[in-house]
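Before any comments, here is the structure.
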Amino acid sequence: MSDTPDDRRQFGRVTPVQRIRGPVGPAGVYVIDVSLAGARVAHQEPLPGVGETSVLTFEWEGRTYSGPCEVRRTKLERPARSRFEKALYSTGLYLLRTDPESHRLLREIVQASVVRALDEQKANAHGISATAGLSFQSAGGDEY
């Protein structure tokens, strides 16, 4: 049995349906994927060091998640190519002690992502493009 981070993960991660933006402490981040126990975020501003804690806050469908998190790892994804450009980092966060409402919100984000993936698989099995549901044509368009 290998000891890679994916093998130690207690809960599977999903990519949220909507783009989620919020801060970890004072630094702005985008949530790339999330589970009931952790999140991976993309950021350009520095976050606390590995092992240090901060607070992750974001809004999803009009509700707010806010909870303490521990930085588990940070990886440089794209270095700055000039002094006018910022580097891009990916950081894994372990979510600590969430209150019941925040935990419920995490469950809803995971559920929405799983339901969407299942709907896309069903559509694919029926020969429908995954993007077909994103566009439609209304009836009777004689004028522009």
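The values are calculated or read from the model by the stated rules, or taken from the named source; none is laboratory data. In this text the structure is predicted, and so the values were computed from the model without any measurement. Counting neighbours? That spans all protein chains shown, and the Cβs are built from the backbone with ideal geometry, glycine included.
Annotation: residue 24 fulfils all but one of (1) surrounded by 16 or more Cβ atoms within 10 Å (Cβ to Cβ); (2) more than 23 Å from residue 113 (Cα to Cα); (3) not aromatic (Phe, Trp, Tyr); the unmet one is (2). Before we move on, is residue 14 surrounded by 16 or more Cβ atoms within 10 Å (Cβ to Cβ), of a type outside the set (Phe, Trp, Tyr) and modelled with pLDDT under 90? The answer is yes for residue 14.
Residues of region 43-66 that are surrounded by fewer than 17 Cβ atoms within 10 Å (Cβ to Cβ) and part of a strand (DSSP E or B): 53, 55, 57, 59, 63, 64, 66.
Apart from one condition, residue 85 fits all of (1) more than 19 Å from the chain's Cα centre (by Cα); (2) closer than 14 Å to residue 60 by Cβ; the exception is (2). Flag not set for residue 3, criterion: in a helix (DSSP H, G or I) and at pLDDT below 95.
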